[in-house]
Amino acid sequence: MHFQADMLILGSGFGGSLLGMILAKSGWHVVIADTARHPRFAIGESSTPLADAALAKIATTYDLPELVPLTRYGSWKRIHPELTCGLKRGFSYFGHSPGRDLTPHTIAGQQLLVSASAGDDVSDTHWLRSDVDAFFAVNARQHGVVLYEGAEYTLHRTSAGWTMEGTTQDGPFQLSCPFVVDATGAAGVVLRTLSIADLSHQLLTSSRSVFAHFSDVRRVGALLAESGIDRSRHPFPCDAAAVHHVLDNGWMWQLPFDDDTVSAGFMFHRQNADIEHGFFPVEPGTPGSSAAAGTPLSVWDAQLQRFPFLRRQFENATVVRPREGLVMTGRLQRLAARAAGPNWAALPFTAGFIDPLHSTGIAHTLFGVRRLADILLTTSIKDIREQRLAEYSADLIREIRHIDRLVEGCYAGLPSFRLWCAWTMLYFAAVTSMEHSSKSKHGSFLMADDVEFRKLLISARRRLQNCVSTGASNADCGQFEAWLREAIAPWNSVGLLDPDSSGMYAGTAAR
């Protein structure tokens with residue numbers, strides 16, 4: 001069967017399906033092809049106020065009311081209880097040292113809680129991606145998108161655009177179209193077809209991960225209470241959050257879902273990892289790698305054994321997703337030299353990726369979908385569209401590099417929890433500036449187009465390095481915090497780095 005389509009989208013995750021839905025709603029003939037089938041395991045699960053605002057704007061602009069309930073925890077639970085999610089009131093951080101548990105005597109200075117939402121009903125969510133991606137794909141089909149799942153295909157560029165030949169369990173198909181969008185993530189099918197240069201080596205962050213979804217994980221709040229640690233100043237229940245356990249050689253994320261499972265993963269950074277003792281997963285054959293790096297399970301267990309609090313959390317835990325068990329990655333960072341051309345474009349997660357830190361993935365994808373839909377639907381003159389696509393590409397690459405700086409500085413501060421927390425204030429300055437202004441509707445992602453903010457990042461990184469190089473004493477850290485408090489003032493309307501906060505921020509919740 002041969003189709004003449006207006007648009008071909010490769011990849012049916014929520015980003016690709018959402019873009020297809022928008023275009024089909026506007027009368028385009030859209031085909032989506034995916035080598036996998038729904039439901040399927042995926043991470044990139046933590047939403048934010050920026051993501052909620054972007055999704056709500058898309059739903060309103062393109063008359064997609066079925067998406068509105070997913071923009072708030074309360075409406076999600078009332079209208080789509082069949083889709084698993086988790087309550088996310090903010091960001092929780094806890095500092096750990098090897099061999100030392102969290103107790104009333106060791107907890108001082110080892111907590112940071114930053115509110116993102118003012119209450120449960122209007123809260124952000126953790127997305128169980130197998131449920132949510134399938135929901136978007138189903139809705140895309142309902143709007144007229146032709147979706148080929150489990151497809152094997154070949155893609156060719158022609159003078160008129162693109163052709164595809166493929167097969168699914170329903171039989172062969174062929175299509176031609178003038179434009180293709182790459183939503184395949186790390187596979188980068190279109191990028192590889194066009195031999196777009198890989199600039200990953202230019203990125204500052206270098207991290208790897210081992211992760212899965214677990215059942216029977218003990219919650220942080222329960223263990224803190226069991227140890228007699230006071231939680232009365234917490235601005236929200238510390239588990240109703242993107243939970244970060246900050247370690248000497250990286251960090252661990254924990255995202256609780258309402259089905260009593262938890263997405264959890266260790267992140268290891270090149271500069272802080274202990275390869276010889278097996279705490280850093282490396283690709284086989286990497287120069288300097290050691291056989292001690294081991295299997296995903298041995299890496300996971302070795303890291304748990306180093307931190308008594310985490311060991312207690314997971315002593316009875318069982319992997320429930322994915323079916324294959326723990327996943328161990330190579331280096332996660334990647335960046336393409338271009339993200340769009342005259343007859344193609346890539347969504348943000350395909351153009352590049354940095355790290356799970358700061359929960360940027362869902363929001364950045366939605367920003368990309370919104371921009372690309374606007375270009376495709378409002379620009380029909382060839383030269384103008386090509387110029388706007390070139391601007392989309394340049395903006396997207398700049399934003400990925402910007403996220404790289406916001407993430408890498410946290411790793412650079414390790415093993416100091418105090419420096420890690422100080423550097424996160426740059427992210428929170430950027431994100432709250434957007435959440436509390438009209439920039440959330442039209443601005444660059446996380447203030448990446450703000451020249452003065454970018455200069456601040458460079459200056460702050462230099463000062464952070466000086467602090468680390470001189471030993472990161474309490475006096476040095478205090479001086480860095482004092483300088484940073486003054487430096488972020490133009491972007492700080494929510495009291496970040498308030499010395500009287502004790503690391504507890506309630507006024508940061510999005511309006």
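When a 1.4 Å probe is rolled over the protein heavy atoms, the share of accessible surface on the chain that falls to carbon and sulfur comes to 51 percent.
Considering only the other residues whose Cβ falls under 13 Å of the Cβ of PHE211, what net charge follows from Lys and Arg at +1 and Asp and Glu at -1? Taking every Cβ under 13 Å from that of PHE211, the sum is 0. Note that the range 98-237 presents 42 Å² accessible area per residue, ligands and nucleic acids not counted, probe 1.4 Å. Which value, in Å² and to the nearest 10, is the accessible area of MET447 when all protein chains are kept and the probe is 1.4 Å? For MET447, the solvent-accessible surface is approximately 10 Å². Here is the size of the range 387-426 from its Cα atoms: Rg then Dmax, 14.2, 45 Å. A protection proxy built from the mean count of other Cβ atoms within 10 Å ranks the segments 466-479, 77-90, most packed first, as 77-90, 466-479. For the range 293-313 versus the range 83-100, the spacing of their alpha-carbon centroids is 17 Å. Using R0 = 22 Å, the C-beta based FRET efficiency linking GLU82 and ASP121 works out to 0.70.
Each part reduced to its alpha carbon centroid, the range 343-359 and the range 150-220 end up 11 Å apart.
Gain in length, ALA186 to ALA475, computed as 0.36 nm per residue apart minus the alpha-carbon separation, to one decimal in nm? Fully extending the segment from ALA186 to ALA475 adds 99.8 nm.
Over all directions, how big on average is the projection of the convex hull of the alpha-carbon atoms in the range 375-497, in square nanometres? For the range 375-497, the mean projected area of the Cα convex hull comes to 8.3 nm².
Could you order the peptides 93-100, 457-464 from most to least packed, using the average number of other C-beta atoms within 10 Å per residue?
With the highest mean Cβ count within 10 Å placed first, the list reads 93-100, 457-464.
How much net charge surrounds TYR153 when only other residues with a Cβ under 12 Å from its Cβ are counted (Lys, Arg +1; Asp, Glu -1)?
Values: positive: none; negative: ASP34, GLU149, GLU152, GLU165.
Overall, the nearby charge balance is -4.
Cα centroids of the range 5-37 and the range 111-136: how far apart, whole angstrom? A separation of 25 Å, based on Cα centres. Under the simplified labelling scheme, the SER159-GLU386 pair shows an inter-label distance of 1.6 nm, with each label point 7 Å from Cα along Cα→Cβ. Computed with every protein chain present, the accessible area of PHE214 is close to 10 Å² [probe 1.4 Å]. Accessible area per residue for the range 310-458 is 35 Å², calculated with a 1.4 Å probe on protein heavy atoms, without ligands, DNA or RNA. I want to verify the translational diffusion coefficient of the range 124-256 in µm²/s; compute it with Stokes-Einstein, Rh as the Kirkwood radius over Cα pairs, at 25 °C and 0.890 mPa s. For these conditions, the coefficient is 122 µm²/s.
Extents of the range 331-421, largest first, come to 54, 21, 17 Å (Cα atoms, principal axes, whole angstrom). Can you tell me the relative contact order of the chain? Whole percent, Cα pairs under 8 Å, sequence separation 6 or more. Contact order relative to length: 19 percent. If a spin label sat at a point 7 angstrom from the Cα of SER176 along the line to its beta carbon, the backbone N atoms of the range 2-20 nearer than 13 Å would be those of 2-6.
Can you give the Rg/Rh ratio of the range 11-112, where Rg is from the C-alpha atoms and Rh is the Kirkwood radius? Taking Rh as the inverse mean 1/r over Cα pairs, Rg/Rh reads 1.14. Compactness check for the chain: Cα Rg over 2.2 N^0.38 Å is 0.96. Highest mean packing comes first when the peptides 232-244, 193-205 are listed by Cβ atoms within 10 Å, giving 232-244, 193-205.
The values are calculated or read from the model by the stated rules, or taken from the named source; none is laboratory data. Worth saying up front: this structure is predicted, and the values here are computed from it rather than measured. Cβ atoms come from the backbone with ideal geometry, glycine included; neighbour counts cover every protein chain shown. Accessible surface is based on the protein model in full, side chains and every heavy atom, while ligands, DNA and RNA are left aside. Shrake-Rupley method; radii C 1.70, N 1.55, O 1.52, S 1.80 Å.
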